[in-house]
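The structure appears right after this line, and notes come after that.
The values are calculated or read from the model by the stated rules, or taken from the named source; none is laboratory data. Nothing here was measured: the structure is a model prediction, and the numbers come from that model. So basically every Cβ, Gly included, is an ideal-geometry build from the backbone, and we count neighbours across all protein chains shown. Surface accessibility is based on the protein's heavy atoms, side chains included, excluding ligands, DNA and RNA. Shrake-Rupley method; radii C 1.70, N 1.55, O 1.52, S 1.80 Å.
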Amino acid sequence: MPERRTVALVTLGCARNEVDSEELAGRLAADGWELVEDAADADVAVVNTCGFVEAAKKDSVDALLEANDLKDHGKTQAVVAVGCMAERYGKELAEALPEADGVLGFDDYADISNRLQLILSGGSVEAHTPRDRRQLLPISPAARQAADVALPGHAQATAEEPAEAPADLPEGVAPASGPRAPLRRRLDKSPVASVKLASGCDRRCSFCAIPSFRGSFISRRPSDVLGETRWLAEQGVKEIMLVSENNTSYGKDLGDIRLLETLLPELAAVDGIERVRVSYLQPAEMRPGLIDVLTSTPKVVPYFDLSFQHSAPDVLRAMRRFGDTDRFLELLDTIRSKAPQAGVRSNFIVGFPGETEADFAELERFLTHARLDAIGVFGYSDEDGTEAVTYENKLDEDTIAERLAHMQRLAEELTAQRAEERIGETLEVLVETVVPFDEAEDGEGAYGRAAHQAPETDGQVVFTDGTGLVPGRIVTAKVVGTLGVDLVAEPLDMDFEEATG
């Protein structure tokens with residue numbers, strides 16, 4: 001019997017990429033590949049790249065080169081690039097990085113096993129040819145559901161892919177129900193998992209290239225999202241995070257822009273799921289009904305990942321966005337009037353073309369009054385194919401760097417202050433990591449996240465005592481201190497037998 005082929009998936013970028021990697025893992029496992037964690041132990045390393053901003057692209061190239069080094073002294077025979085950078089640049093990336101043995105686009109995902117096998121056997125796969133994926137779907141959102149287009153995480157049936165799910169799937173591979181659910185294999189044992197709600201974006205922000213390589217907006221059907229959530233719950237997942245390029249648009253192509261308000265309670269009712277989180281919300285599209293559902297539905301956390309990007313009106317207009325400082329503060333007041341402990345995070349761009357000192361001061365005013373739990377700040381850089389590349393009044397690199405450093409310092413101070421405001425609060429904390437005391441620093445042996453903290457981006461909760469805590473359990477805890485943006489909390493009313501049983 002021939003030795004099983006081994007593959008490692010290296011994932012960079014956002015939670016959407018993590019979902020895509022688990023889809024690729026599911027396809028490969030269903031076709032007989034053995035998944036390994038370390039690229040050095042794999043016949044082929046598949047690097048799921050990020051193509052969003054320059055820093056992310058550099059990280060992706062570094063990961064590809066690092067994996068390529070394994071071919072000289074490890075088991076690895078081939079390195080293959082997939083993901084957003086591969087989709088966005090394709091042949092250009094292949095020419096610039098000959099160390100990659102293959103550069104595959106989204107259209108290759110359905111046949112990923114054969115592609116990798118061909119590369120391993122010494123053959124070559126033609127590098128992906130980029131194209132504007134917005135042109136692949138109908139202009140009318142209502143006509144998009146029937147389109148025959150490869151959409152990672154959607155498992156659309158195509159001419160090359162049967163509508164029925166493969167029979168005799170290996171243990172641990174989705175789908176649990178329905179032929180439209182994507183094949184998926186979990187790559188870790190975390191009690192948290194992302195679920196793709198939609199793909200693409202119809203917004204035309206002047207600084208963003210994502211729609212060109214992710215395509216126009218298209219929702220997944222509620223039954224598919226529910227089916228995948230039930231399967232994840234069977235795998236031990238306690239929290240799901242709904243991800244897409246724009247969750248506030250969910251349902252517009254299905255005839256109901258308020259579909260998310262209906263879906264969230266259904267997801268929260270799935271047996272085994274204790275927490276539902278929604279990410280990637282557009283401030284201009286926030287509806288009173290959606291705010292109500294997010295702040296009042298049991299198990300749906302009052303968490304608002306709002307894409308503000310800036311608050312000065314002139315900068316926002318140049319970005320082709322809407323709003324201003326006062327309207328954004330009113331939105332936050334509305335949210336907190338309904339859920340005082342609600343978590344809010346956002347990202348901002350400084351140094352955008354034409355940004356004046358007054359604009360920069362206006363953004364500082366907003367941040368100072370917004371009381372955000374987490375703040376990401378980025379300096380503007382030109383992105384290929386975006387409208388902003390053509391703008392005049394570009395700021396020089398030194399000015400952008402100076403403003404970026406200033407705003408990052410301010411963000412660090414403000415988020416630390418916001419964390420201190422939570423001292424004395426009682427929180428429900430999902431335990432994620434328990435470290436043996438002989439390996440932990442300062443006797444702290446357990447870590448988790450409260451409702452206002454999303455995975456990897458918003459800080460964490462450090463327990464004062466990890467005795468009896470196990471990953472996946474939600475524990476009531478009181479905040480007694482802070483470590484920057486992180487909270488220090490004391491578990492309350494712990495039942496040791498229940499926790500370890």
Hey, could you check the range 98-152 for residues that are among the polar types (S, T, N, Q) and open to solvent by 20 Å² or more (accessible area, probe 1.4 Å) and say which is farthest from LEU197 (Cα to Cα)? SER121
Counted residues in the range 395-417 being touching a helix residue (DSSP H, G or I) at 6+ places or on another chain (Cβ under 9 Å) and either under 26 Å from TYR89 (Cβ atoms) or of a type outside the set (A, V, I, L, M) (or both) come to 2
If you go through the range 342-369 one residue at a time, how many are under 30 Å from ALA450 (Cβ atoms) and either of a type outside the set (Gly, Ala, Ser) or surrounded by fewer than 20 Cβ atoms within 10 Å (Cβ to Cβ) (or both)? 13
Could you tell me which residue of the range 275-326 is farthest from GLN453 (Cα to Cα), considering only residues that are basic (Lys, Arg) and open to solvent by less than 20 Å² (accessible area, probe 1.4 Å)? ARG321
Condition first: open to solvent by 50 Å² or more (accessible area, probe 1.4 Å) and either among the acidic types (Asp, Glu) or more than 26 Å from ARG336 (Cα to Cα) (or both). Can you find one or more residues in the range 479-491 that meet it? yes
Show the residue pairs meeting these rules: Cβ distance below 9 Å; 6+ apart or different chains; first residue within the range 220-238 and open to solvent by 10 Å² or more (accessible area, probe 1.4 Å); second residue among the polar types (S, T, N, Q) and at pLDDT 95 or above. PRO222/THR262
Have a look at LEU329, LEU372 and point out the one that is in contact (Cβ under 8 Å) with a residue 24 or more places away in the chain, within 15 Å of MET286 (Cα to Cα) and open to solvent by less than 50 Å² (accessible area, probe 1.4 Å). LEU329
Going through the range 391-439 one residue at a time, which ones are of a type outside the set (D, E, K, R), within 24 Å of ARG317 (Cβ to Cβ) and over 26 Å from the mean Cα position of the chain (by Cα)? TYR391, ASN393, LEU395, THR399, ILE400, HIS406
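Residue-by-condition table, conditions (1) without any contact (Cβ under 8 Å) to a residue 60 or more places away in the chain; (2) not β-branched (Val, Ile, Thr):
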site: LEU65; (1), (2): yes, yes
site: ASN68; (1), (2): yes, yes
site: VAL79; (1), (2): yes, no
site: ALA94; (1), (2): yes, yes
site: GLU99; (1), (2): yes, yes
site: VAL103; (1), (2): yes, no
site: ILE112; (1), (2): no, no
site: HIS128; (1), (2): yes, yes
site: ALA147; (1), (2): no, yes
Residue by residue through the range 375-393, note down the ones that are open to solvent by 80 Å² or more (accessible area, probe 1.4 Å) and either of a type outside the set (Val, Ile, Thr) or farther than 29 Å from ARG88 by Cα (or both). PHE378, ASP384, GLY385, GLU392, ASN393
